[in-house]
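Peer 1: Please read through the structure below; I'll follow up with questions.
Laboratory data are not the source of any read-out in this text; all were calculated from the coordinates shown. Just so it is clear, the model here is predicted, and its values are computed rather than measured. Cβ: placed from backbone, ideal geometry, glycine included. Neighbour counts: every protein chain shown.
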Amino acid sequence: MSNEVESAQVSDAMEVAQLSSLAAVDSHAGSCEAEMPSRLLNDAVRSLPYHVVKDLLSIGVCSRCVLRILGTEDHIYCHSSFSQSMLCSVLEEVTGFKSECDFQFCSVCLGVLQLIYRDDKETLVKMESPNDMALVIAELVKKEGHQIDGFSLEVSIPQFILENESSLLSGMKKRYESEPWLQERLLSKCVSVKDVLKFAITKPLETLLDTKASASSFRIRLAYTHKMAFGNSVERNQGFKRRKIGTENGLQNVNDESVVANKDCSDYPTNETIAVTGRSSLKVPIDKVSEPCHLVYLCYRTHIYLCGRYLKYSRNVSQTRWIIDEERMGEASVEEIIGSNILPMCRGDNYKFHAAGREDIDVRMLGSGRPFLLEIQNARQVPSEETVKEIESKINGLENKLVGVKNLQVVGSQGWTLMREGEAEKQKQYCALVWISRPLEDEDVCSISLLNDMQILQKTPIRVLHRRSPLERKKIIYWMKIERIAESSQYFLLHLCTQAGTYIKEFVHGDFGRTQPSIGSILGCRAEILQLDVTDVKMDSE
Amino acid sequence: MSDVMVDHTQKLEETAVPNNLEQQDKQDEEQPQQSVQENAEYEDEELHKHLVPDIIQLPLIPPSAVEFNFASYFAPDFMKPGNDQYVYRHANGLCVVGLASTHLAFKDKGGITAVDFNVGKSDRSGMKVTGKRKKNAQHFESNTALCKVCTNGDSYIVRCCVKGSLLEVNERLIKQPELLHSSADREGYIAIIMPKPADWLKVKASLLSLEEFKKLRVLC
């Protein structure tokens, strides 16, 4: 008895101390809230059905979960300065509950709302207030060097916690079904563990990061996992069944094993059930929780995109990194030149290069350029318009002049639609250096220029037949123009505009007659192609 | 060089792409500023400078697509005297097979009259190979018959020369056997075969290079 009195006195003293510290907090935060937070809390606590609070505390539900499940508004108990121990003692004080055995971790939220977790080094961490967690996050953001103008906070918790909660709630509804407070407090959905934690951390985080929580590409994620959550759900359910035997709710035991197991009742820790005659027992499906959740703090930016058009001036540069047997083909790639110049300016982890179509390594990309999209993963910084212009100049000013860039800009996810447009349906314009086995006549120049919207049939070129389906593809040559080259009777430039997907080289030399017609067959002689340049990739949007 | 450039600019106007000009006209209607058209013209000129080649650098007769992209091999007297065939192998492993110019069939006075792919157990022209994995392709040995080439007096069996999957036969030869005369080494090819790397190495040892073949047949 004396113990109780003493502890009551101690807790009184604690409460006084807490309240006075709260008072200090209040005077500081006074301008934000209409009433002092501590008073709101005390009022809320005193309005709770005490016997229920006691019941819950005795089966190991933590104070925040108690308040939450009984419908208290989150801003009342989520003030960032309200510490764990303070909330706990306020509840115990008011309801006269004395916790006998130490429930380390909440049987519903597994310690999440008690701000207890195991970190990545397996150390047990017990935070006193949400503010402390916000500090850890802010440190991480700073360490990663992120430049942000907003953040989006996400919390993920094991499904297990929701299962705990719903089985507790249904137990409570049965047990207290006739009581008056039930309607008001329980039947409307209670705030979730995730939302409470987010609410508690958001304000201090906004202050520390000096920015607002919003729908942002910068994500802060608290990922909670629990060993038991990975266990065989069959195992869990069997354990579940075992304990449910004996409730008046008539949950039938389907499993004979469970009946046998039930006989060893003495094994069960009695503190998890409240045996009250005539009333159903309040249970949570798991035993004393012996392990808290594992928490990983993550902060990252979702993909940012830069789009533009590239030009390729070299006949020895591939579009993407091309390596065969550890040897690089060509001297460089468009992808690497552009990516390696942009990635450091964004301080990102990685990049992915996408282009609207492609050209061979020995084909130059000139004229308006080919649209491309560069995806940057986890950029620490979104480049400004000015920086983007600098990047463009830098790439265009590179000494080796292999690649050029136009219209570089940061875009949102609409960048993808721009890419898709350029792919299948569009027309492409080329200039080919052609040689024929006899002198070029004026007639030839004329007849070629008269061929408009000519359909050709191309069997899959032999050079790609090893990796593509053998098909016959219909393609359209929209127009052609021969440009004579002075001092040569057998070489000329062929300008042509074709449907996307047309193999130009094969259209010139005929590919063993497998492309019909071909320049050779039209001019009635042998034709060879020496050089090819892409001079335009037509896009609707421009 | 600059003279050449001037000439080209003039020629470009004559043979210039009508579509481009039309587009420029439209642009003019929408944006009646001189500078837009000037810019477009300037860009075209800049582009054009890139396109025109340096003639001096170009060879009189360039290598053909086949010479450039394929390695040529020959099988003289394959299975029978006078049965000279070629195997053109692409860097990707695919082999185009056909009649070498020294094949006996070309010496026949009447010329080649017909090509028949219905030899052996099946009609080679009837098979359909589909998909990237080349499903339904028949696996043939190097001595498997591909087709029969008929002349007025005689007929000759053309064989694979390379063990592998038959991807395609040149069906045009059925209606146009004269392709063998006009260009047996291009439009007159017989078939395309895909050997496994190991099988290729085995057969390669028994084939001759172009140089060796020329010496053998005493060609220029």
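Peer 1: Out of the GluC sites (Glu not before Pro) in the range A:166-233, which ones are loop residues according to DSSP with at most 12 other C-beta atoms within 10 Å?
Peer 2: Numbers: sites: A:Glu177, A:Glu184, A:Glu206; in loops: A:Glu177.
The qualifying sites are A:Glu177.
Peer 1: Below 9 angstrom from the Cβ of B:Asn170, what's the summed charge of the other residues (Lys, Arg +1; Asp, Glu -1)? All intermediate terms of the calculation are to be shown ahead of the outcome.
Peer 2: Working: positive: A:Arg514, B:Arg172; negative: B:Glu168, B:Glu171, B:Glu187.
Combined, the nearby Lys, Arg, Asp and Glu give -1.
Peer 1: Averaged over B:47-55, how many beta carbons belonging to a partner chain fall within 10 Å of each residue's beta carbon? Write out the running numbers ahead of the final one.
Peer 2: Working: counts 8, 5, 0, 8, 12, 6, 7, 0, 5.
The shielding value for this peptide is 6.
Peer 1: Counting other Cβ atoms within 10 Å of each Cβ, which trypsin sites (Lys or Arg not before Pro) in the range A:464-504 have at most 15 and sit in a DSSP loop?
Peer 2: Values: sites: A:Arg467, A:Arg468, A:Arg473, A:Lys474, A:Lys475, A:Lys481, A:Arg484; in loops: A:Arg467, A:Arg468.
Sites meeting the loop and neighbour criteria: A:Arg467, A:Arg468.
Peer 1: Kindly write out, for the range A:191-206 in residue order, the coupling ³J(HN,Hα) from the Karplus curve 6.51 cos²θ - 1.76 cosθ + 1.60 (θ = phi - 60°), rounded to whole Hz, with x marking Gly and Pro.
Peer 2: 4, 7, 4, 4, 5, 5, 5, 4, 4, 5, 8, 4, 4, x, 5, 4
Peer 1: Could you go through the range B:177-185 in sequence order and give the Karplus-derived ³J(HN,Hα) for each residue, using 6.51 cos²θ - 1.76 cosθ + 1.60 with θ = phi - 60°, rounded to whole Hz, and x for Gly and Pro?
Peer 2: After applying 6.51 cos²θ - 1.76 cosθ + 1.60, I find x, 5, 4, 5, 7, 6, 7, 5, 8 Hz.
Peer 1: Starting from 0.36 nm per residue, how many nanometres of slack lie between A:Glu385 and A:Leu471 once their C-alpha separation is accounted for?
Peer 2: Extending this stretch completely gives an extra 26.3 nm.
Peer 1: Counting other C-beta atoms within 10 Å, which of B:Tyr156, B:Tyr42 has the fewest, and how do the rest follow? Write out the running numbers ahead of the final one.
Peer 2: Numbers: B:Tyr156 19, B:Tyr42 11.
Ascending number of Cβ neighbours within 10 Å: B:Tyr42, B:Tyr156.
Peer 1: Another one. By count of other Cβ within 10 Å, fewest leading, how are A:Ser393, A:Ser38 ordered? Let's see the in-between values first.
Peer 2: Details: A:Ser393 11, A:Ser38 21.
Fewest-to-most Cβ neighbours within 10 Å comes out as A:Ser393, A:Ser38.
Peer 1: Moving on to the next point. Which ³J(HN,Hα) values, rounded to whole Hz and listed in residue order, are derived for the range A:396-412 from phi using the Karplus coefficients 6.51, -1.76 and 1.60 in 6.51 cos²θ - 1.76 cosθ + 1.60 with θ = phi - 60°, glycine and proline given as x?
Peer 2: Result, ordered by residue: 5, x, 4, 4, 6, 6, 8, 9, x, 10, 10, 6, 5, 7, 7, 10, x Hz.
Peer 1: Averaged over peptide B:57-69, how many Cβ atoms belonging to another chain are found within 10 Å of each residue's Cβ? Intermediate results must be reported in sequence, preceding the final value.
Peer 2: Details: counts 0, 8, 3, 4, 4, 8, 2, 6, 13, 5, 1, 4, 4.
The shielding value for this peptide is 5.
Peer 1: Residues with amide H under 5 Å of A:Ser368's amide H, sequence separation 5 or more or different chain, H placed in the peptide plane at 1.01 Å from N; which?
Peer 2: Sorted by chain and number, the residues that satisfy this are A:Val537.
Peer 1: Taking 51 Å as R0, compute the FRET efficiency from the Cβ-Cβ separation of A:Asp119 and A:Trp181 and round it to 0.05.
Peer 2: Numbers: r = 39 Å, r/R0 = 0.76.
Between A:Asp119 and A:Trp181 the formula returns 0.85.
Peer 1: Can you give me the long-range amide H partners of A:Arg526? Hydrogens built in the peptide plane at 1.01 Å from N, cutoff under 5 Å, separation of 5 or more residues or another chain.
Peer 2: Hits under the 5 Å cutoff: A:Ser437.
Peer 1: Follow-up. Filter the GluC sites (Glu not before Pro) in the range A:447-509 to those in DSSP coil with at most 14 other Cβ atoms within 10 Å of their Cβ, and list the result. Provide the component values of the computation, followed by the final result.
Peer 2: On the way: sites: A:Glu472, A:Glu483, A:Glu487, A:Glu506; in loops: A:Glu487.
Those that pass, being in a loop and sparsely packed, are A:Glu487.
Peer 1: Ok, one more. Distance between Cα centroids, the range B:93-123 to the range A:339-382: provide it in whole Å.
Peer 2: 50
Peer 1: May I pose another question? For each pair in B:Lys128/B:Lys163; B:Lys80/B:Lys204; A:Lys394/A:Lys538; B:Lys109/B:Lys214, compute the distance between the two Cα atoms and list the pairs where it is over 21 Å.
Peer 2: A:Lys394/A:Lys538; B:Lys109/B:Lys214
Peer 1: May I ask for the distance between the Cα centers of the range B:162-197 and the range A:159-224, given as a whole number of Å?
Peer 2: About 73 Å separates the Cα centre of the range B:162-197 from the one of the range A:159-224.
Peer 1: Give me a single rounded figure for B:184-193: the average over its residues of other chain Cβ atoms within 10 Å of their Cβ. Spell out each step's value before the answer.
Peer 2: On the way: counts 0, 1, 7, 10, 2, 4, 0, 0, 6, 0.
Average per residue, whole number: 3.
Peer 1: Any idea how far apart B:Ala71 and B:Ser209 come out in nm if each label point goes 7 Å out from Cα toward Cβ?
Peer 2: Distance between the two pseudo-spin positions: 1.0 nm.
Peer 1: Where does the charge balance sit around B:Leu207 when Lys and Arg score +1, Asp and Glu -1, over other residues with C-beta under 15 Å from its C-beta?
Peer 2: Values: positive: B:Arg89, B:Arg159, B:Lys163, B:Lys202, B:Lys204, B:Lys214, B:Lys215, B:Arg217; negative: B:Asp77, B:Asp84, B:Asp199, B:Glu211, B:Glu212.
Neighbourhood net charge equals +3.
Peer 1: Going by average Cβ density within 10 Å per residue, which order do the peptides A:324-332, A:140-148, A:123-131 take, highest to lowest?
Peer 2: Working: A:324-332: 10.4, A:140-148: 14.2, A:123-131: 16.4.
Ranking the peptides A:324-332, A:140-148, A:123-131 by packing returns A:123-131, A:140-148, A:324-332.
Peer 1: Still on this structure, I have one more. Sort B:187-195, A:491-499 for me by packing, meaning the mean count of neighbouring Cβ atoms within 10 Å per residue, highest on top.
Peer 2: Taking the mean over residues of other Cβ atoms within 10 Å, the ranking is B:187-195, A:491-499.
Peer 1: May I pose another question? How many nm separate the modelled label positions at B:Lys148 and A:Val411, each set 7 Å beyond the Cα in the direction of the Cβ?
Peer 2: In this crude spin-label approximation the distance works out to 6.2 nm.
Peer 1: By counting other Cβ atoms within 10 Å of each Cβ, how are A:Lys505, B:Lys134, A:Lys401 ranked from fewest to most? Intermediate results must be reported in sequence, preceding the final value.
Peer 2: Numbers: A:Lys505 20, B:Lys134 16, A:Lys401 10.
Going from least to most buried by this count: A:Lys401, B:Lys134, A:Lys505.
Peer 1: Please work out the C-alpha center-to-center distance from the range A:62-77 to the range B:48-91 and express it in whole Å.
Peer 2: If you average the Cα positions of each part, the centres end up 82 Å apart.
Peer 1: Additional query: Just check the range B:163-217 against the gyration tensor rule for me: Cα atoms, a ≥ b ≥ c as the square roots of the eigenvalues, rounded for a/c under 1.5, and otherwise prolate or oblate depending on whether a/b exceeds b/c.
Peer 2: On the way: a/c = 4.22, a/b = 1.28, b/c = 3.30.
Oblate, since a/c reaches 1.5 and b/c is not below a/b.
Peer 1: Also, quick follow-up: Exceeding 21 Å between C-alpha atoms, which entries from my cross-link table qualify? They are A:Lys428/A:Lys481; A:Lys505/B:Lys135; A:Lys54/A:Lys173.
Peer 2: Numbers: A:Lys428/A:Lys481 14 Å; A:Lys505/B:Lys135 27 Å; A:Lys54/A:Lys173 16 Å.
Those over the limit are A:Lys505/B:Lys135.
Peer 1: How many nm is it between the label spots at A:Val94 and A:Lys227, if each spot is 7 Å from the Cα in line with the beta carbon?
Peer 2: 3.6
Peer 1: Let me ask something additional. What residues qualify as long-range amide H neighbours of B:Val87, i.e. H under 5 Å apart, gap of 5 or more or another chain, H built at 1.01 Å from N?
Peer 2: B:Tyr73, B:Phe74, B:Ala75
Peer 1: Hey, for a label at B:Glu43 modelled as a point 7 Å past Cα toward Cβ, could you say which residues of the range A:295-318 have their backbone N under 13 Å away?
Peer 2: It comes to A:309-311, nothing else.
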